[in-house]
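The values are calculated or read from the model by the stated rules, or taken from the named source; none is laboratory data. This is a predicted model, so every value here is computed, not measured. All Cβ positions, glycine included, derive from the backbone under ideal geometry; neighbour counts span all protein chains shown.
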Amino acid sequence: MLGFFLWMSRLSPETQWAVIVGLLVVQQALGAAARNDPALRPFAEPVLYALFGFVLLTCLAGPLFTLLLRLNRFGRLALSREEIRQSNWVGGCLFAGLLAVRARWSMTGRPV
């Protein structure tokens with residue numbers, strides 16, 4: 001993630017947008033190819049999931065690392081009041097998500 005962020009920071013704003021739009025075009029093309037060609041689906045779906053996870057991590061990397069600092073005895077001393085509140089929200093949302101997965105698992109008898 002850090003390598004991607006550093007690479008993107010060296011690009012001009014126009015090039016950054018071009019990379020983002022290019023990733024969206026690749027995602028749309030792979031999705032369409034997977035829908036139209038069932039033989040291609042086993043190869044396209046892992047790439048699509050990895051791309052989705054990467055995009056999700058680019059949005060959540062900062063708050064997740066703030067949460068890790070919040071959980072450390074010395075790391076929490078480096079956080080501002082706003083970052084502590086942010087990490088509390090992120091931790092609460094993660095905990096609620098885990099509870100929801102556990103509740104669904106116990107209701108259906110199988111993992112998600």
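Can you pull out the helices (runs of 4 or more DSSP H) entirely within segment 1-106 that have at least 1 residues that are at negative phi, among the β-branched types (Val, Ile, Thr) and surrounded by 10 or more Cβ atoms within 10 Å (Cβ to Cβ)?
Where helices (runs of 4 or more DSSP H) fall fully within segment 1-106 and carry at least 1 residues being at negative phi, among the β-branched types (Val, Ile, Thr) and surrounded by 10 or more Cβ atoms within 10 Å (Cβ to Cβ), they are 13-36, 41-70.
In the set 66, 108, which member is more than 23 Å from the chain's Cα centre (by Cα) and among the hydroxyl-bearing types (Ser, Thr, Tyr)?
108 is the lone residue from the list that is more than 23 Å from the chain's Cα centre (by Cα) and among the hydroxyl-bearing types (Ser, Thr, Tyr).
Here is a list of conditions, (1) at pLDDT below 90; (2) within 19 Å of the chain's Cα centre (by Cα), and residue 100 meets all of them except one; can you say which number that is?
Among (1) at pLDDT below 90; (2) within 19 Å of the chain's Cα centre (by Cα), residue 100 violates only (1).
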